[in-house]
1. Tell me, how many Å apart are the Cα centres for region 72-141 and for region 16-63?
2. Work out Dmax and Rg for the chain from the C-alpha atoms and quote the Rg first, both in angstrom.
3. Of 125, 31, 114, which is the most mobile in a GNM of the chain whose springs link Cα atoms less than 10 angstrom apart?
4. Given labels modelled 7 Å from the Cα in the Cβ direction, how far is it in nm from residue 113 to residue 99?
5. With angles folded into 0 to 90 degrees, how steeply does helix 3-13 sit against the dominant principal axis of the chain? Use alpha carbons for both and round to 10.
6. Helix-derived [θ] at 222 nm for the chain: sum -39500 (n - 2.57) over DSSP H runs of at least 4, divide by residue count, nearest 500?
7. If neighbour count is taken as other Cβ atoms inside 10 Å, put 74, 17 in order from fewest to most.
8. For region 57-121, just run the numbers: alpha carbon Rg, then divide by 2.2 N^0.38 Å, N being how many residues it has.
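All of the numbers you see were taken from the coordinates with simple rules; none came from a lab. Every value quoted in this text rests on a predicted model; they were computed, and no experiment measured them. In this analysis, Cβ positions are derived from the backbone assuming ideal geometry, glycine residues included, and neighbour counts consider all displayed protein chains.
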């Protein structure tokens with residue numbers, strides 16, 4: 001975190017209200033109690049980072065050592081599986097249960113496919129932003 005971020009946190013702890021405009025979504029997620037997401041000059045969402053993330057489905061993101069068939073996995077799991085990059089996939093689920101994770105692992109194991117990474121949880125503020133606006137943050141482009 002930058003020196004400015006530490007200064008903002010110190011002010012926040014003392015009860016100060018800070019209006020922060022930023023394209024650094026991860027900074028807003030760490031510092032803000034409330035976030036307004038703008039798209040084309042209009043507020044499209046307002047709330048705490050946690051409440052904004054809770055408005056959308058939780059997600060399971062994973063990488064594999066080899067390619068898989070997302071449509072076949074969708075059919076097997078009964079939830080949407082999309083490729084987000086080569087050998088990188090995302091499952092949208094209202095509730096990513098241990099049972100769903102187990103079924104995913106079993107499906108991959110039956111095909112001899114190894115996990116390279118697995119991330120389960122609420123969506124990040126950046127993912128919420130992208131879903132709501134369809135825009136890429138300027139810090140990435």
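1. 20 Å
2. Cα only, the chain: 18.2, 56 Å (Rg, Dmax).
3. In this elastic network of the chain, the residue with the biggest mean-square fluctuation among 125, 31, 114 is 114.
4. The answer from the label model is 2.3 nm.
5. Helix 3-13 sits roughly 80 degrees off the main axis of the chain.
6. One gets -11000 deg cm²/dmol as the mean residue ellipticity at 222 nm.
7. Exposure proxy ranking, most exposed first: 17, 74.
8. Numbers: Rg = 10.4 Å, N = 65, 2.2 N^0.38 = 10.7 Å.
Relative to the rule-of-thumb radius for its length, region 57-121 sits at 0.97.
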